[in-house]
Amino acid sequence: MSPFIDIGSLDDIPRQGARVVKTAGGCVAVFRTLDDRVFALDDRCPHKGGPLSEGIVHGTAVTCPLHNWVFDLNTGTAQAPD
């Protein structure tokens, strides 16, 4: 069994945008960067629970739409000073 789940084509996700995939474990935000790299994170900011899928994608980071925390798409961790 493959560890990957087909969620659609790359073109289904806008560049510098995201789509949400509902799973048994919760919602996952799938992000596409300007250079067509794809990343997936929990669709919930640990700070106040904001939907990261509604944030602004810039480079390999996303900014939470509620309180502007910035998360690295490679690691899922908040970037300093957050």
**Item:** Distance (nanometres) between label positions extended 7 Å along Cα→Cβ at Asp6 and Thr60
**Value:** 2.9
**Message:** Mean-square fluctuation check for the chain, GNM, Cα pairs under 10 Å: which of Leu66, Leu41, Leu52 is largest?
**Reply:** Leu66
**Prompt:** Sequence-distant or interchain residues sharing an amide H contact under 5 Å with Leu73, placed H: which?
**Reply:** Ala61, Val62
**Prompt:** With springs only between Cα atoms under 10 Å, which of Thr63, Thr23, Thr33 fluctuates most in a Gaussian network model of the chain?
**Reply:** Thr23
**Message:** Explain nothing, just the number: relative contact order of the chain, from Cα pairs under 8 Å at least 6 residues apart, as a whole percent.
**Reply:** 18
**Message:** Before I look further, what does the chain give for accessible area per residue, probe 1.4 Å, in whole square angstrom?
**Reply:** 65
**Request:** Could you quote the convex hull projected area for segment 24-65, Cα atoms only and averaged over all directions, in nm²?
**Result:** 3.0
**Message:** Accessible area of the chain with a 1.4 Å probe: how many percent of it is carbon plus sulfur?
**Reply:** 53
**Message:** Taking the Cα centre as origin and putting +1 on Lys and Arg beta-carbons and -1 on Asp and Glu beta-carbons, what dipole magnitude results for the chain, to the nearest 20 debye?
**Reply:** 160
**Complete:** In Å, the Kirkwood estimate of hydrodynamic radius for the chain over Cα pairs equals 12.8
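The values are calculated or read from the model by the stated rules, or taken from the named source; none is laboratory data. Just so we're clear, the structure is a prediction, and the values are computed from it rather than from any experiment. Every residue, glycine among them, receives a Cβ derived from its backbone with ideal geometry; neighbour counts consider all protein chains shown. These area figures cover heavy atoms from the full protein model, side chains too; ligands, DNA and RNA do not enter into them. Shrake-Rupley method; radii C 1.70, N 1.55, O 1.52, S 1.80 Å.
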